[in-house]
Amino acid sequence: IMNKKYEFPTDRLYYPSGNLWVKSLDNGDYSVGIDSYGMEVIGEPAYLVLNEAGPKLDKDSSIGSLEAAKMTDEIKSPLTGEISEINQRVVENPQMVYDDPYEAGWLIKINATNWEKEKGGLIDSNMRKQLTLKTEEAHQD
């Protein structure tokens with residue numbers, strides 16, 4: 001039984017292989033961040049590096065890395081496109097990602113160029129919850 005409460009807000013989609021969330025913004029861009037399960041796995045962040053805005057990204061190419069208590073994790077893009085903005089505040093204060101992963105703790109915004117095709121690789125919050133339960137159970141002997 002899962003004793004930790006992971007939240008997966010329903011207003012966004014999830015990219016489980018990277019423990020990331022993707023949220024559609026009014027201007028057609030997508031914000032990306034680490035979900036609550038990802039933060040649990042990685043632990044409290046000590047150091048965060050994000051790539052500069054501008055360059056074209058392929059899906060699964062690196063957007064930065066997060067150094068934390070338990071491990072260092074490369075963050076891979078859930079979408080193809082261009083980084084339109086990075087969240088400078090979380091680079092200066094990585095703890096925000098841990099404390100508020102879904103709002104203030106967003107990482108980057110992407111101008112997605114292949115959304116229609118790639119959204120099929122994302123899952124909704126309910127599926128994300130189910131997957132997390134399965135993952136937790138697998139890790140309990």
| note | Subtracting the Cα-Cα distance of Glu40 and Glu103 from 0.36 nm times their residue separation yields 21.0 nm
| said: Helix-only estimate, please: 222 nm mean residue ellipticity of the chain, summing -39500 (n - 2.57) across DSSP H runs of length 4 or more and dividing by its residues, to the nearest 500. | reply: -6000 deg cm²/dmol
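Summarise the accessible area of segment 1-43 (1.4 Å probe, protein heavy atoms) by the percent that is carbon and sulfur.
Ligands and nucleic acids excluded, carbon and sulfur reach 49 percent.
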| remark: Mean accessible area per residue over the chain (1.4 angstrom probe, all protein chains present, square angstrom) is 54
| field | Apportionment of accessible area to carbon and sulfur, segment 52-141, percent (1.4 Å) | value | 46
| remark: Output for segment 52-141: trypsin sites (Lys or Arg not before Pro) sitting in coil per DSSP, at most 13 other Cβ within 10 Å, listed by number, reads Lys70
| query | Counting only the heavy atoms of the protein chains, how much of Glu85 is accessible to a 1.4 Å probe, in Å² to the nearest 10? | reply | 80
| Rounded to whole Å and sorted largest first, what semi-axes of the equivalent ellipsoid does the C-alpha gyration tensor of the chain yield via the square root of 5 times each eigenvalue? | 23, 18, 13
| Point-to-point label distance, Thr113-Glu137, nm (Cα→Cβ direction, 7 Å offset) | 4.2
| For the chain, with only Lys/Arg (+1) and Asp/Glu (-1) charged at the beta-carbon, what is the dipole magnitude about the Cα centre, in debye rounded to 20? | 300
| said: Tell me the net charge near Tyr102. Cut-off is 10 Å between Cβ atoms, Tyr102 excluded, with +1 for each Lys or Arg and -1 for each Asp or Glu. | reply: -3
| message | I need the semi-axes of the equivalent ellipsoid of segment 75-132: take the C-alpha gyration tensor, multiply each eigenvalue by 5, square-root it, list largest first in whole angstrom. | response | 22, 18, 7
| field | Proximal charge balance of Ala53 [Cβ under 14 Å; K/R count +1, D/E count -1] | value | -2
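The values are calculated or read from the model by the stated rules, or taken from the named source; none is laboratory data. Keep in mind that this is a model prediction, so the values were computed, not measured. As a convention, Cβ positions derive from the backbone with ideal geometry for all residues, glycine included, and neighbour counts pool all protein chains shown. Just the protein is used for accessible areas: all its heavy atoms, side chains included, with ligands, DNA and RNA removed. Shrake-Rupley method; radii C 1.70, N 1.55, O 1.52, S 1.80 Å.
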